Protein chains: 2
Amino acid sequence: MLEGSENTLKVAQQGFEYFTHGLKTGDWSQFLSMLTEDFCFWFPIGQFHGLNVGKDKAEAFFQYVSECFKGGLTVTLDRVTGNETTVVFEFRDEGLLFGEHYKNRVAVSFDVRGEKICGYREYFGSDGKSN
Amino acid sequence: MLEGSENTLKVAQQGFEYFTHGLKTGDWSQFLSMLTEDFCFWFPIGQFHGLNVGKDKAEAFFQYVSECFKGGLTVTLDRVTGNETTVVFEFRDEGLLFGEHYKNRVAVSFDVRGEKICGYREYFGSDGKSN
């Protein structure tokens, strides 16, 4: 069994793999299965702006994301940093937002508890038009 | 002498201390002294949006930041994650932007080379009105 930051990194990396699969395909089942019931997340803009509490809210959010990006979003991972409880992924993404070209630079920060993800914060590094 | 990720964390933490001092006081001299000549940074919005190359550009940028936030910005650090070359700081900030109340959630990612900071990426987690 892995301990501390090593387990956190392993769980977060599995979560990020499922997260990018969700962004690409719209199938969020694997990612959602990794979330704790009390999962909460922060999002920078729009109808989910700010703090969102509970797994139900997360399900609604990720479904909404895939409605916005019907053809899926492609992710290019640039950097991964971590500590005992948290892992941050810096990446660029690209796709069609309601049919219009979309590009961004993003940092997502996953909080890990045991084998699950209990929190998530998203940050935008660009304007949705370039990355 | 510290090696690898330990040195990176130490250098980045010193840089972040000078960075928050700059945000608070408008005095960027210590932070600028830690940047490599080929320092480059990414910023999400406005006239410095995207990639900015060179220490001169950084000087202009940080002076501009302190003109926008004349009374300074107060920073509350929430999390620090790192690897061999990069450290990410997640924080909330608050102040007056051209006299109007400003709040944001921010992630900044510092790339370290030796005892200096060679790159920086900023990401916004909120809308400038709440954090």
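State which residue is nearest to the other protein chains (Cβ to nearest Cβ) when the search covers only segment B:75-131 and only residues that are among the aliphatic types (A, V, I, L, M) and over 23 Å from A:Thr85 (Cβ atoms). Explain how you work it out, then say what you get.
Just the residues of segment B:75-131 that are among the aliphatic types (A, V, I, L, M), to begin with: B:75, B:77, B:80, B:87-88, B:96-97, B:106-108, B:112, B:117.
The next check asks that each one be over 23 Å from A:Thr85 (Cβ atoms); those that pass are B:96-97, B:117.
On the way: B:Leu96: 21, B:Leu97: 17, B:Ile117: 15 Å.
Out of the qualifying residues, it is B:Ile117.
For segment B:92-117, give me each residue that is assigned to a strand (DSSP E or B) and in contact with a Cys (Cβ under 8 Å, 6 or more places away or on another chain).
B:Leu97, B:Asp111, B:Val112
Among the residues of segment B:93-115, write down those that are of a type in the set (Phe, Trp, Tyr) and farther than 19 Å from B:Gly15 by Cα.
Passing the criteria: B:Phe98, B:Tyr102.
Which of the residues that make up segment B:42-89 are charged (D, E, K, R) and not in a strand (DSSP E or B)? Break it down stepwise before answering.
Of segment B:42-89, the ones charged (D, E, K, R) are B:55-57, B:59, B:67, B:70, B:78-79, B:84.
Hits for segment B:42-89 are B:Lys55, B:Asp56, B:Lys57, B:Glu59, B:Glu67, B:Lys70, B:Glu84.
Test each condition in (1) within 17 Å of B:Phe91 (Cβ to Cβ); (2) in contact with a strand residue (DSSP E or B) (Cβ under 8 Å, 6 or more places away or on another chain); (3) charged (D, E, K, R) for B:Asp38 and report the one that comes out false.
Every listed condition holds for B:Asp38 apart from (1).
Just need a number here: residues in segment A:1-41 that are touching a residue at least 12 places away in the same chain (Cβ under 8 Å), of a type outside the set (Gly, Ala, Ser) and not in a strand (DSSP E or B).
Total satisfying the criteria: 18.
Readers should treat all values here as calculations from the given coordinates under stated rules, not as data from a laboratory. It should be emphasised that the depicted structure is a prediction, and the values quoted were computed from it without experimental measurement. Don't worry about glycine lacking a Cβ; one is built from the backbone with ideal geometry, like all the others, and counts go over all protein chains shown.
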